[in-house]
Amino acid sequence: MRGRGGPPGERTTSGGPSGPGPDDGAGPHAGRPPGARTGPGNPGAPPALHAEGIRKRFGPTLALDGVRLTVRPGEAHALVGRNGAGKSTLVSVLTGLVRPDTGTVSFAGRAAPRFGDAAAWQRRVACVHQRSMTVPDLTVAENLHLGHLPRGRIRWQALRARAREVLAEYGVDVDPAARIRELGVEQRQFVEIARALTHGARLIVLDEPTARLDAAGIDRLFTELRALRARGVAFLFISHHLQEVHELCDTVTVLRDARRVLTAPVAGLSRDALVEAMTGERPGTAAHRPPSGPPGPEVLRTERLALDGHFAPADLAVRAGEVVGLAGAAGSGATALAETLAGLRAPGGGRITVGGRPVRAGSVPHALAAGIGYVPEDRHREGLIATRSVAENVTLTVGDQLGPGGTVLPSRAREFARRMITALDIKAAGPAAPVTGLSGGNQQKVVIARALAREPRVLVAVRPTNGVDIKSKEALLGTVRRVADAGACALIVSDELDDLRICDRVLTLFRGRVTGEFAAGWRDGELVAAMEGMAPPGAAVEAPGGRPAHGAAAPPAGPPVRPAAGPAAPPVGDPVAPAARPDATEGTAP
Amino acid sequence: MTETAAPPDAGATTPSSAPRARTVRPGRWRDFSLVPVILVLGVIGFIVSPAFLTRDNLVGVVQQSTELGLLVLGEALILISGRMDLSLESTIGLAPVVALWLVMPAHGDRFTGLELLPAWTAVPLCLAVGAAIGTVNGFLILTLRVNGFIATLGMLTALRGLQVGLSEGRSIGDVPPSFAYLGGATWLGVPAAVWICLALFAAGGAALGYLRHGRALYAVGGNPEAARAAGIRVDRLTWIVLAVGGLLAAFAGILYTGHYGAVSASQGNGWIFQVFAAAVIGGISLKGGRGTLFGALTGVLTLQLVINVMTLAGVPPLWTQFLNGAIIIVALVISRFAGGGKQD
């Protein structure tokens with residue numbers, strides 16, 4: 001879950017010379033000086049990792065076809081590719097979890113350990129997974145020594161002292177006596193990295209480390225990673241966010257269809273060239289979409305909708321044919337607002353209407369019946385029933401339409417699922433295929449298919465492209481766009497600029513308040529600034545296209561959005577939650 | 001998660017090229033994985049004793065399976081929806097005792113009841129008590145949000161104690177004829193209890209497979225948050241399932257009482273282990289969201305056959321408890337490998 005950043009007072013490691021701190025910049029996607037990159041280590045040393053001719057076949061599928069990869073000491077090497085390109089298999093091979101059919105792996109010039117000698121692999125390479133491999137109820141000190149506790153009586157004092165030394169050595173500011181549960185996501189990652197380093201590993205594989213982090217967390221993580229690189233630690237960085245690749249990495253290797261198609265320095269590589277290497281086709285210009293005709297009648301409306309501790313009374317109006325973005329970082333209340341619309345949370349006050357009719361708040365069945373379809377933020381936590389098939393996952397919301405008298409006829413369910421599979425181009429062996437066997441992008445399509453199964457009048461999607469590759473991203477966003485074009489409306493809640501680009505207009509939320517409204521054509525910097533509660537740089541009055549860019553962009557007869565909170569208005573007298581800061585509570589409250 | 005992601009990741013590169021025949025998954029046969037075990041047990045029984053393959057013996061095995069079977073049916077529904085209820089083994093004893101206590105004559109030589117209600121109400125009363133116990137479990141687990149395992153373990157002990165207190169630790173005989181009928185009657189040459197049990201399993205299986213609320217149980221057990229986000233009333237459904245579980249346990253109590261003609265003070269004592277063992281051997285996941293009632297039924301039959309074969313083989317009674325536990329563990333190991341997947 002997002003939004004678990006550590007308390008700000010605990011952090012002293014970021015804000016170093018290599019990057020802006022989380023509070024002084026406009027987030028990870030804007031304005032980071034690209035020159036803050038330390039060069040890779042001494043070129044004469046043997047590479048931290050060298051893999052040559054790696055080939056791996058699973059049954060009929062060739063997962064890796066003669067892949068070659070070299071990571072030098074102190075280098076941050078990005079590994080990118082679409083879901084299914086072979087990244088995970090390559091990482092499994094490089095960390096000793098999967099034995100390649102052919103090919104060699106060497107670390108620091110020496111051949112890799114025997115397959116199966118887990119301890120020896122651990123001393124050379126470590127993988128920090130998306131899902132934390134720490135034990136939440138043990139202390140940091142114990143986690144650092146996990147599996148390597150001394151024989152005989154454990155001297156807790158000495159253990160903690162040793163842990164403190166290790167953490168200090170790597171500049172990780174975490175209390176060794178704290179329990180992992182109490183730490184932020186990126187702090188857990190630091191602990192995992194520190195653990196790997198104490199085992200002697202000088203190569204760390206980071207498998208989508210930022211997927212569960214908010215902007216400030218990403219900043220802290222990157223600051224830490226840069227510091228470690230300066231000490232000769234090499235990173236293999238896997239991410240779907242090309243922006244992060246550009247920010248952090250020196251070199252990038254692109255995998256496509258089990259082959260390595262490109263290895264090049266990041267510096268000279270444009271985003272389009274990278275996308276082209278990943279997909280094998282020229283990227284469509286991710287331009288802002290031109291406004292499409294006048295919006296239709298109002299479909300979704302909220303009046304003074306509020307939830308204590310999450311968002312202040314909000315008046316929204318979304319019209320047929322519109323895609324509206326709700327942009328806000330973790331803790332902004334944007335997700336809570338979406339969950340309230342979906343009926344998952346009971347609001348403290350106000351009302352929701354769809355097509356003029358009030359919706360009973362706090363009840364998912366009523367929201368569904370009113371025509372609100374919902375795509376939850378985290379497909380693993382709230383989206384998929386992992387034990388069941390694609391068909392069952394897709395038809396979960398339409399149980400009442402698949403047979404008479406409360407029955408579900410398997411033939412109809414299959415037929416329905418097959419239609420959705422075709423409509424959304426879900427790559428699955430069939431309706432009966434287990435949903436866990438699908439790639440991330442296709443799993444996300446299943447979640448969206450479920451939301452669309454009832455042909456909603458309003459589609460509420462929270463981070464609909466979370467953790468999917470660039471091609472699936474386009475497909476998913478295209479689906480959302482088509483829903484609106486077909487006469488419904490959509491609300492996208494996200495802090496991903498790519499998600500928001502397809503919107504007709506974007507509202508920004510900061511600490512539970514709507515701080516601004518942007519018509520299509522906004523500039524990245526100003527939107528990010530509004531999301532972070534900052535004044536837009538230069539307080540732009542007019543965007544390049546001559547369109548009003550800020551504040552005054554309400555559509556004809558649009559929602560009575562309050563004017564932006566004012567460029568420099570600090571969130572001091574925040575009425576939302578003076579005691580409990582929303583960013584500390586969002587996501588943890590039931 | 002690299003290690004688990006690797007095979008699907010690889011598979012995802014050429015999903016459309018996978019031949020259609022491969023969609024017949026081994027999982028489809030998982031429900032039948034105990035059928036060969038049952039056949040093997042039959043052969044062993046036939047070798048061990050000529051009395052095994054007689055009609056009387058087989059009918060006896062099946063009838064003894066009915067009471068355990070109904071408990072397993074209730075527990076399976078609860079497990080599939082991601083909860084557990086240990087108190088079922090006390091409900092099977094307490095529900096009949098409470099019903100009889102309310103209807104039995106206030107003056108008699110053995111057990112004195114309150115005689116508040118006419119004798120014919122004993123069966124509905126018993127079922128109502130079972131459902132009420134399930135509802136209390138639901139209140140503890142869903143409203144007070146206490147740990148379900150400990151809460152129902154507490155209920156198990158408390159209800160057993162309540163039964164002992166009400167019945168003064170004695171067996172209750174002379175039950176009303178309406179109460180004894182179902183457990184003792186024979187329809188078409190087979191005990192009525194067997195027909196009823198089969199019918200209930202069939203009804204349960206059909207509900208799980210073909211009713212939207214039945215399908216929803218799998219969703220609730222597999223991922224309650226996703227089920228809630230998809231508009232399923234998770235708490236209400238769980239509550240109903242817990243009540244149905246109690247109801248089935250009470251019904252098992254009626255059959256058991258009719259079968260033996262009396263409510264024994266230790267009715268159901270120690271059964272919960274067998275109930276869980278049968279469910280898990282039958283492929284029901286203790287984590288919820290997985291398993292079928294057919295599998296659970298084969299689990300029950302397997303356990304009962306093992307006990308029967310042991311009895312026929314003349315195992316000394318002092319050793320049956322040890323062997324019973326050991327054989328359940330062996331059966332678990334076998335079904336773990338026969339069923340393919342991990343048991344959880």
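The values are calculated or read from the model by the stated rules, or taken from the named source; none is laboratory data. As the structure is a computational prediction, the values presented were derived from the model and not from experiment. Cβ atoms come from the backbone with ideal geometry, glycine included; neighbour counts cover every protein chain shown.
At a glance:
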item: Selection within the stretch A:142-189 - in a loop (DSSP other than H, G, I, E, B) and touching a Gly at 6+ places or on another chain (Cβ under 7 Å); result: A:L183, A:G184
item: Subset of the stretch B:174-208 (residues that are small (G, A, S), without any contact (Cβ under 8 Å) to a residue 24 or more places away in the chain and in a helix (DSSP H, G or I)); result: B:A192, B:A199, B:A202, B:A203, B:A206, B:A207
item: All positions within the stretch A:367-391 that are more than 7 Å from chain B (Cβ to nearest Cβ) and either under 17 Å from A:A453 (Cβ atoms) or of a type in the set (F, W, Y) (or both); result: A:A367, A:A369, A:A370, A:G371, A:I372, A:G373, A:V375, A:R379, A:S389, A:V390, A:A391
item: Which numbered condition B:I334 misses (of (1) away from chain A (no Cβ under 14 Å); (2) in contact with a Leu (Cβ under 7 Å, 6 or more places away or on another chain)); result: (2)
item: Wholly within the stretch A:292-357, strands (runs of 3 or more DSSP E) carrying at least 2 residues that are under 21 Å from A:M531 (Cα atoms) and in contact (Cβ under 8 Å) with a residue 60 or more places away in the chain; result: A:311-319, A:323-327
item: Tally of residues being closer than 12 Å to A:I193 by Cα and assigned to a loop (DSSP other than H, G, I, E, B) across the stretch A:226-240; result: 1
item: Residues of the stretch A:108-122 that turn out to be more than 30 Å from the chain's Cα centre (by Cα) and crowded, with 16+ Cβ neighbours inside 10 Å, as a count; result: 2
item: Those residues of the stretch B:42-57 which are under 16 Å from B:A313 (Cβ atoms), free of Cβ contacts under 8 Å to residues at least 60 places away in the same chain and in a helix (DSSP H, G or I), in sequence order; result: B:V43, B:F46, B:I47
item: Extreme residue, farthest from the other protein chains (Cβ to nearest Cβ), among residues of the stretch A:421-441 that are closer than 20 Å to A:N466 by Cβ and not in a loop (DSSP other than H, G, I, E, B); result: A:L424
item: Checking B:W319 against (1) assigned to a helix (DSSP H, G or I); (2) buried (at least 16 other Cβ atoms within 10 Å of the Cβ), the condition it does not meet; result: (2)
item: Subset tally (residues that are part of a loop (DSSP other than H, G, I, E, B) and more than 8 Å from chain B (Cβ to nearest Cβ)) for the stretch A:392-417; result: 2
item: Unique match (being buried (at least 24 other Cβ atoms within 10 Å of the Cβ), of a type in the set (G, A, S) and modelled with pLDDT of 90 or more) among A:A338, A:A258, A:A314, A:A346; result: A:A338
item: Flag for B:A203 being closer than 30 Å to A:R388 by Cβ, within 14 Å of chain A (Cβ to nearest Cβ) and buried (at least 16 other Cβ atoms within 10 Å of the Cβ); result: no
item: Search result, residues across the stretch A:59-88 that are over 21 Å from the mean Cα position of the chain (by Cα), among the hydroxyl-bearing types (S, T, Y) and at pLDDT below 90; result: A:T61
item: The stretch B:253-268, residues that are assigned to a loop (DSSP other than H, G, I, E, B) and at negative phi; result: B:A262, B:S264, B:A265, B:S266, B:Q267
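Quick grid of which residues meet (1) in contact (Cβ under 8 Å) with a residue 12 or more places away in the chain; (2) out of contact with any Asp or Glu (no Cβ under 7 Å at 6 or more places or on another chain); (3) buried (at least 19 other Cβ atoms within 10 Å of the Cβ):
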{"residue": "A:A369", "(1), (2), (3)": "no, yes, no"}
{"residue": "A:D378", "(1), (2), (3)": "yes, yes, yes"}
{"residue": "A:R381", "(1), (2), (3)": "yes, no, no"}
{"residue": "A:T395", "(1), (2), (3)": "yes, yes, yes"}
{"residue": "A:G403", "(1), (2), (3)": "no, yes, no"}
